[in-house]
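The values are calculated or read from the model by the stated rules, or taken from the named source; none is laboratory data. Note that this is a predicted model, so its numbers are computed, not measured. A quick note on method: Cβ atoms are made from the backbone with ideal geometry, for glycine too, and the neighbour counts reach across all protein chains shown. Accessible surface areas use protein heavy atoms only, side chains included; no ligands, DNA or RNA. Shrake-Rupley method; radii C 1.70, N 1.55, O 1.52, S 1.80 Å.
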Amino acid sequence: MQVPLLDLKAQYQTIKDECLKVTEDIYESQYFILGPHVEQLEKEIADYCSAKYAVGVSSGTDALLLSLMAVNIGHGDRVITTPYTFFATAGAVSRVGAIPVFVDIDPDTYNLSPDKVDAVIKGMPEADRKTLKAIIPVHLYGQCADMNEVMRIAEDNNLVVIEDAAQAIGSEYNGKRAGSIGDFGCFSFFPSKNLGGFGDGGIITTNSKDLYEKLKILRVHGGHPKYYHSQIGGNFRLDALQAGIVSIKLKYLDQWTKSRQENAEKYKILIKEAGLSHVLTVPFEKENRHIYNQFIIQVDERRDELKDFLIKNNVGCEIYYPVPLHLQKCFAGLGYLSGEFPVSEFAAGHTLALPVYPELREEQIVYVVDQIKKFYA
Ligand SMILES: *Cc1c(COP(=O)(O)O)cnc(C)c1O
């Protein structure tokens, strides 16, 4: 049996006619950049995420970058974030000239640990603490970070909160949607995200009218009015084709999320029934509405061998992420050492993502669990 990690072709077959229609409409209009389809999507996403505003941008990475630019974070400023995330989270901080300050994660959720954030801020030299401007919690794998605590820390220390919600569209924390809690919510339409386009794209949500206006100006090189620049922005525009496709997919998102949640539940039951609970840990749902961008298992032993075995037996699986960011070569200058963030380092060495996409069939989940059982037998 073949079980790919993700099957976008299966999903496409279910929405093909609608996608071809909107694509043709856009071709006929020859209106490709921003415009009515982008504006419509912005309204729909703001609504879906319970935020007042949304600004379509060129990618999830650019959503992070533009948010940092909108609050003038730059050279010499410091930004707290997690080392256990996709590279873009910390990459964006460095690209505006600021310094990422890494803090270890909670072992249950893999999200930023508020207690450790408190401790790091407390331990900072006064001069460094003065340059601390923002915190970027990542809602990893589709589950929200501990946002009550993040918001308390932000308030106590006067920090901007940028939610990296690239993997978490529609996920909730205490009934609040990801992207509606901090100052900014950054989303990605990369094809493998739960709401993916047919190319790159992203969007920023915010509840602040001022920040909304600022983002829209910076998205077009900072020109306001056009060709008059009191600030430097960039080309961060979303194109109409991506907006058109994402709008169509958004109508199905809740249904797809439900299927992902059901698949996760099936895994949990089958893993328990297979007697595998002592060799692997399944995702811990701490906050409500986990949207399962990934279904992550953690194994104590032989993770890399398990991965090879599954791939050899036609089960797609992947390691997110094999090297935590504080140990990446490009960040060597920050001076972090191996062993400094033990929870992140353990996760990088022991987790594995299994297929959980909405179109996955029950017999495929049964097959995956059978293969894991075979490996550990
Ligand atoms: C995918 C992702 C991004 C970047 O999004 P792109 O659209 O690929 O630029 C940023 N942060 C996290 C956590 C992601 O998963």
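Give, rounded to the nearest 20 debye, the magnitude of the charge dipole that the stretch 253-376 has about its Cα centre when Lys and Arg contribute +1 at Cβ and Asp and Glu contribute -1 at Cβ.
Its charge dipole is roughly 60 debye.
Only four residue types carry charge here, +1 at the Cβ of Lys and Arg and -1 at the Cβ of Asp and Glu. Report the dipole size of the stretch 304-374 about the Cα centre in Debye, rounded to the nearest 20.
Using Cβ point charges on Lys, Arg, Asp and Glu, the stretch 304-374 gives about 100 debye.
Using the basic label-point model (7 angstrom from Cα toward the beta carbon), what is the ILE269 to LEU337 distance in nanometres?
Rounded to a tenth, the inter-label distance reads 4.9 nm.
Enumerate by residue number the trypsin sites (Lys or Arg not before Pro) in the stretch 241-344 meeting two conditions: DSSP loop (anything except H, G, I, E, B), and at most 11 other Cβ atoms within 10 Å of the site's Cβ.
Of the trypsin sites (Lys or Arg not before Pro), the ones in loops of the stretch 241-344 whose Cβ has at most 11 other Cβ atoms within 10 Å are LYS251.
At a 1.4 Å probe, what is the % contribution of carbon and sulfur to the accessible area of the stretch 253-376?
51 percent
When ligands, DNA and RNA are left out and all protein chains stay put, how many square angstrom of accessible area per residue does the stretch 330-377 have with a 1.4 Å probe?
Solvent-accessible surface per residue comes out at 44 Å².
So for the chain, taking the charge dipole from beta-carbon charges (+1 Lys/Arg, -1 Asp/Glu), which of TYR12, ALA145, VAL282 sits furthest toward the positive end?
It is TYR12, whose Cα lies furthest towards the positive end.
In the neighborhood of ASN207, defined by Cβ-to-Cβ distances under 9 Å, what is the net charge if each Lys or Arg adds +1 and each Asp or Glu adds -1?
Result for the neighbourhood of ASN207: +1.
Give me the percent of Cα-Cα pairs in the stretch 292-376 that sit more than 21 Å apart, rounded to a whole number.
38 percent
Heavy atoms only, probe 1.4 angstrom, no DNA, RNA or ligands counted: give me SER338, SER208, SER29, SER247 ranked by accessible area, highest first.
SER338, SER29, SER208, SER247
Could you point to the residue in ILE136, SER59, PRO125 farthest towards the positive end of the chain's charge dipole, with +1 and -1 charges on the Cβ of Lys/Arg and Asp/Glu respectively?
SER59
Just how large is the dipole of the chain about the Cα centre, in debye to the nearest 20, putting +1 at every Lys and Arg Cβ and -1 at every Asp and Glu Cβ?
Once rounded to the nearest 20, the dipole reads 440 debye.
I need the semi-axes of the equivalent ellipsoid of the stretch 1-62: take the C-alpha gyration tensor, multiply each eigenvalue by 5, square-root it, list largest first in whole angstrom.
Semi-axis lengths for the stretch 1-62 are 26, 19, 12 Å.
Once the dipole of the chain is set up with Lys and Arg at +1 and Asp and Glu at -1 on Cβ about the Cα centre, which of ASN174, PHE341, LEU218 lies farthest towards its positive end?
In the chain, that residue is LEU218.
Looking at the chain only, what percent of DSSP beta bridges run antiparallel? Nearest 5 please.
In the chain, DSSP labels about 60 percent of beta bridges as antiparallel.
Would you mind finding the longest exposed-site-free stretch of the chain, with exposed chymotrypsin sites (Phe, Trp or Tyr not before Pro) meaning DSSP loop and at most 12 other Cβ atoms within 10 Å?
1-226
Using the Cα atoms of the chain to build a convex hull, what is its mean projected area in square nanometres?
One quarter of the hull surface, i.e. the mean projection, equals 18.9 nm².
Pick from GLU345, GLU155, GLU126: which is most flexible by mean-square fluctuation in a GNM of the chain where alpha carbon atoms under 10 Å apart are linked?
GLU126
State, to one decimal in nm², a quarter of the convex hull surface area for the C-alpha atoms of the stretch 104-177, i.e. the direction-averaged projected area.
That works out to 4.9 nm², a quarter of the Cα hull's surface.
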